[in-house]
Amino acid sequence: MEAWIYWLLINLASVWLYHDRNLDIYAALIALYSVLSIWGFFRWRASYQSQLEEGAHASGV
C-alpha cells in the first residue's frame, strides 16, 4: 500500500522538476500519472477493504 504513496510523491516531484526545466509537455504527462496514481490508490484500497470484509464474513466473524 505504501508504494502508491511513493509513486504519488515521486510523480509530484517530477512535475515540478520538468516544469522547472521548461519541459511542460512532460510535466503534463507526469501530472496525468499523478492523477492515475491517486485513482489507483483509492481503487486498490477499496478492493483490499472489500476482500477483508469478505474474508471476515466467510470466517464467521
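Working note: Karplus 6.51/-1.76/1.60 with θ = phi - 60° gives the range 20-33 the couplings 5, 8, 6, 10, 5, 5, 5, 4, 5, 5, 5, 4, 4, 4 Hz, where Gly and Pro are set to x.
For every other residue with a beta carbon closer than 14 angstrom to the beta carbon of residue 48, add +1 if it is Lys or Arg and -1 if Asp or Glu, then tell me the sum. Before the final figure, lay out each step's value.
Working: positive: 43, 45; negative: 2, 53, 54.
Around residue 48, the surrounding residues sum to -1.
Could you give log10 I(q)/I(0) at q = 0.11, 0.12, 0.28, 0.30 Å⁻¹ for the chain, computed by the Debye formula over C-alpha point scatterers of equal weight, without solvent? Values, matching the q order: -0.37, -0.42, -1.01, -1.08.
Which order do the peptides 20-28, 5-13, 46-54 come out in when sorted by mean C-beta neighbours inside 10 angstrom, highest first? List each step's numbers first, then the result.
Values: 20-28: 11.7, 5-13: 14.2, 46-54: 10.1.
My ranking of the peptides, most packed first, is 5-13, 20-28, 46-54.
Mean sequence separation of contacting Cα pairs (under 8 Å, at least six apart), scaled by the length of the range 2-58, corresponds to a relative contact order of 35 percent.
So what's the back-of-envelope 222 nm ellipticity for the chain, counting only DSSP H runs of four-plus at -39500 (n - 2.57) apiece and dividing by all residues, rounded to 500?
Numbers: 2 runs with 54 residues, N = 61.
Rounded to the nearest 500, it is -31500 deg cm²/dmol.
Only the coordinates and a few stated rules stand behind these numbers; no lab work does. This is a predicted model, so every value here is computed, not measured. Cβ atoms come from the backbone with ideal geometry, glycine included; neighbour counts cover every protein chain shown.
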